[in-house]
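Working notes, structure below.
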Amino acid sequence: MIPDNSRCVRKSRVLQGALTIAALTIVIVQPGNALQAPKLSVMPWPKSVETGQGEYKLDGYFRAGFSGAHDARLDKALNRFIVRLNLQCGGVRRTQYDAKDSDPLSLTLSVAGPGGAVQGIDEDESYKLNVTSSGVALRAATDVGAMHGLESFLQLVTMRDGACSLPAVTIDDAPRFVWRGFELDVVRHFEPISVIERTLDGMAVAKLNVFHWHLSDDQGFRAESKKFPRLTENASLGQFYTQDELRHIVAYARARGIRVMPEFDVPGHTASWVYAYPELGDGRTVRRIPQEFQEYETNQGELDPTKESTYKFLDTFIGEMGEIFPDAYFHIGGDEVDGSGWKTSASIQEFMQKKGFKTKDDLQAYFNQRLLPILQKHGKKMVGWDEVLNPALPKDIMVQSWRGEESLSAGAAQGYTGILSAPYYLDGQKTSEEMFLADPIPADTKLTPEQQSKIIGGEVCMWAEQIFPGTADSRIWPRTVAVAERFWSPQSDRDVADMYRRLRVVSLELEDAGLTHISGPAKLRRSIVGSTHTGAIDAMASVTEPVSFGDREDAQHTDALTPLNGLADAVVADPPARQEIAAEVDAVMNEHSKAAEAALRERFLAWQQAAPELLALAQKSGRFSNAGPRVEQLAALAAVGLESLAYIDAHTAPPAGWLNKQKALLKNVEQPGAYVRFVFLPALGKLAESAATSR
Ligand code: ACM
């Protein structure tokens, strides 16, 4: 079994945009005709929200302006904001060309200063947003805080009676954690610049502030080095970012209040380095760039920590990359060092003996000790995965915990700064709920307040063995926003139902912002079917989700050339139907809801009706051929549901043995198949249990 987190495998007042203030609307709340306070869909949920009375209507004209100075970055952010507002509201026109100075401001921005020339972890990201019936005021210390406030503004806008409005509200917001990251592996499968840009657009919506870019690994080297051109000439298979592209992404991110931290993983996960520059290696020959992901199948080369030339190379390389990536933090990986080449090299063994090193961990600690002053010389702070945690290293390194909360706590207890990633591996295909509830500092932490202050946030991780550009978005979004809320919002924010309510809204916002997490899988399903008539496969896809990374690896042994274009790639983790079906079953059982019963019956019938078409598809399509047994199971499960509803409706208990038979079927379909699993089994089990006791 491959554990789920294992992968070794491895500006003056300038007028902007549109229009005037709408007429005031005074909402009169009368007894017996009480208007419900609107449910806000801001996500991540702000630190403090006070709802007021009334609303601000955006009914045709909108004009934004600044009180005080601001810079060009914020002008551009405001322009992007107005484009999105226009898209969202339709009726709102962009009128910076025809707005007059005498027009009242709909949105007044007051920003104290731009923030750091290079954004740091101490950037003030706070903002205050005040919506009254006469307009909106946004105040922030920095551009970054103002951009967060603009995102919240867009999330407050709702469409009603053909017009957009914002409810009267006062938001006073600031993040709980300073480090709210998203890590993307662009090695196992390369992601073009367009995917990186829209990922950054999504991160801005989610108020995430660190893009951690995993740029090198065994399977390729993705960042152009002019000092060491063979890294990409020989070891990228043509898939890499030029230095201009790397700089473009750093600028694109900064324009959105996002830092970019590069990761160059050393001294393991380095077959690409050694393939390009064999003299860096541990003595093993890397004959080709491995396209396999499983360690045991790859011909890995790890760096030789005993040679001075290795450090000279790294010094020059880090100096070069350090200029392209101005961030204070530089990630050196450090995970999953195998060390078998260190064992078989006589010179490395001799070195270890001389130094009194007993284990590969001792040698890796030595390597990190040598690397640290090099990073410091280039003005960088060292970040590494769990494995860099070693008493030999000073306390000013930062540890990214991917193996578990325990190691994060252990590091914090020893005085190391840390961030949490273990529970946020997207390819574990866990629900948004599970990831949202996992807290970098749980309420019951045993750490002292001083130790807790060492945990400065977390990162969502997207590894790329099982994604390609067509599926990256649907694996990342919208679940990443649930974690972004965990990193931003107060620890006490644990209302799962409300999180999901807002996540559904933000999911659509993300798609409007250019992400393709909804349209991407739909496109894949059209392509599987070879038609725009996708009703049958959509019915099945709505109730299935991908199995975890480890389960798929166990069954499929993917490599970089495995086509990722089947059912498992065209479905998403934690689809809305999981909760919808559970809620419908609860409503049938607890409230005898006829509407819920009808909704369930409609679903079950749709599954049954889809089956013949899908079985025919499985016969003819190589991309769907593994799904046939799953289709048959879905039809059988539909029968369990329909029979259950029939007994419940008839107030009749089923014959003896019926429930056991249904349970056996439900158990059987838990077996892996087609790298997908059904998302409604617990709810269907409850429904069958309920039918068995009906009277
Ligand atoms: C990792 O997942 N090996 C950091």
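If you take every residue apart from Gln452 with its C-beta less than 14 Å away from the C-beta of Gln452, what net charge results, scoring Lys and Arg +1 and Asp and Glu -1? Let's see the in-between values first.
Working: positive: Arg176, Lys446, Lys454; negative: Glu405, Asp439, Asp444, Glu450.
That works out to -1.
Can you list, bin by bin at 5 Å, the percent of alpha carbon pairs in the range 115-170, starting at 0? Whole-percent P(r) values from 0 Å outward: 5, 19, 25, 19, 13, 9, 6, 3, 1.
Rg/Rh for the range 250-368 stands at 1.02; both radii use Cα atoms, and Rh follows the Kirkwood definition. All distinct Cα pairs of the range 378-529 go into the 1/r average, and the inverse of that average, the Kirkwood radius, is 17.0 Å.
Answer rounded, prolate or oblate for the range 529-609, using the Cα gyration tensor with square roots of eigenvalues a ≥ b ≥ c: rounded when a/c is under 1.5, else prolate when a/b is larger than b/c, else oblate. Judged from the Cα gyration tensor, the range 529-609 comes out oblate (a/c at least 1.5, b/c at or above a/b).
Placing dummy labels 7 Å off each Cα toward the beta-carbon, the span from Glu591 to Ser340 is 5.9 nm.
In this structure the range 580-695 gives 50 Å² per residue of accessible area when probed at 1.4 Å with all protein chains present. Before rounding to the nearest 500, sum -39500 (n - 2.57) across all DSSP H runs of length at least 4 in the chain and divide by the residue total; then give [θ] at 222 nm in deg cm²/dmol. So the helix-based figure for the chain works out to -12500 deg cm²/dmol.
When Lys and Arg each count +1 and Asp and Glu each count -1, what net charge do the other residues less than 12 Å away from Thr534, Cβ to Cβ, add up to? Intermediate values should be presented prior to the final figure.
Values: positive: Lys523, Arg525, Arg526; negative: Asp538, Glu613.
After counting each charged neighbour, the total is +1.
Relative contact order for the range 390-483: what percent, with Cα pairs under 8 Å and sequence separation of 6 or more? Relative CO of the range 390-483 lands at 31 percent.
Take every DSSP beta bridge whose two residues both sit in the chain; close to 45 percent of them are antiparallel.
Dipole of the range 169-238 computed with +1 at Lys/Arg Cβ and -1 at Asp/Glu Cβ about the Cα centre; of Phe190, Ala174, Ala223, farthest Cα towards the positive end is Ala223.
In terms of the Cα gyration tensor, with a ≥ b ≥ c the square roots of its eigenvalues, is the chain rounded because a/c is under 1.5, prolate because a/b exceeds b/c, or oblate? Write out the running numbers ahead of the final one.
Numbers: a/c = 1.87, a/b = 1.13, b/c = 1.65.
Note, shape of the chain comes out oblate.
Protein heavy-atom surface of the chain, 1.4 angstrom probe: 54% of the accessible area is carbon and sulfur, with nucleic acids and ligands not counted. For Arg160 and Asp101, a Förster radius of 30 Å and the Cβ-Cβ distance give a FRET efficiency of 0.45, rounded to the nearest 0.05. Under 14 Å of direct C-alpha separation, and excluding same-chain neighbours fewer than eight residues apart, Lys446 reaches these aspartates and glutamates: Glu405, Glu406. Annotation: lysines with alpha-carbon distance below 17 angstrom to Lys663 (same-chain offsets under eight excluded): Lys686.
Using per-residue counts of other Cβ atoms within 10 Å, averaged over each peptide, order 252-260, 115-123 from highest down.
Peptide ranking by packing, descending: 252-260, 115-123.
Between Ser527 and Glu602, the simple label model (points 7 Å from Cα in the Cβ direction) yields a spacing of 3.1 nm. Panel note: the C-alpha atoms of the range 317-468, placed on their principal axes, show extents of 51, 42, 35 Å (largest first). Working from label points 7 Å from Cα in the Cα-to-Cβ sense, the Leu508 to Glu308 distance is 6.6 nm.
Quick one: if the Förster radius is 30 Å, what FRET efficiency do Val83 and Val178 give, using the C-beta to C-beta distance and rounding to 0.05?
Efficiency computed from Cβ-Cβ geometry: 0.50.
Straightening the chain between Lys76 and Arg247 buys 59.7 nm, computed as 0.36 nm per residue apart minus the Cα-Cα spacing. Legend: residue pairs Lys47/Lys430; Lys343/Lys395; Lys430/Lys667; Lys307/Lys355; Lys128/Lys207, Cα-Cα distance threshold 18 Å; pairs beyond threshold, Lys47/Lys430; Lys343/Lys395; Lys430/Lys667.
Ignoring ligands, DNA and RNA, what accessible area per residue does the range 182-302 give at 1.4 Å, in Å²? Don't skip to the answer; put the middle values down first.
On the way: 3400 Å² over 121 residues.
Averaged over the residues of the range 182-302, the accessible area is 28 Å².
The values are calculated or read from the model by the stated rules, or taken from the named source; none is laboratory data. All of these numbers come straight from a predicted model, not from anything done at the bench. Cβ: placed from backbone, ideal geometry, glycine included. Neighbour counts: every protein chain shown. Side chains are part of the model used for accessible areas, which takes the heavy atoms of the whole protein and leaves out ligands, DNA and RNA. Shrake-Rupley method; radii C 1.70, N 1.55, O 1.52, S 1.80 Å.
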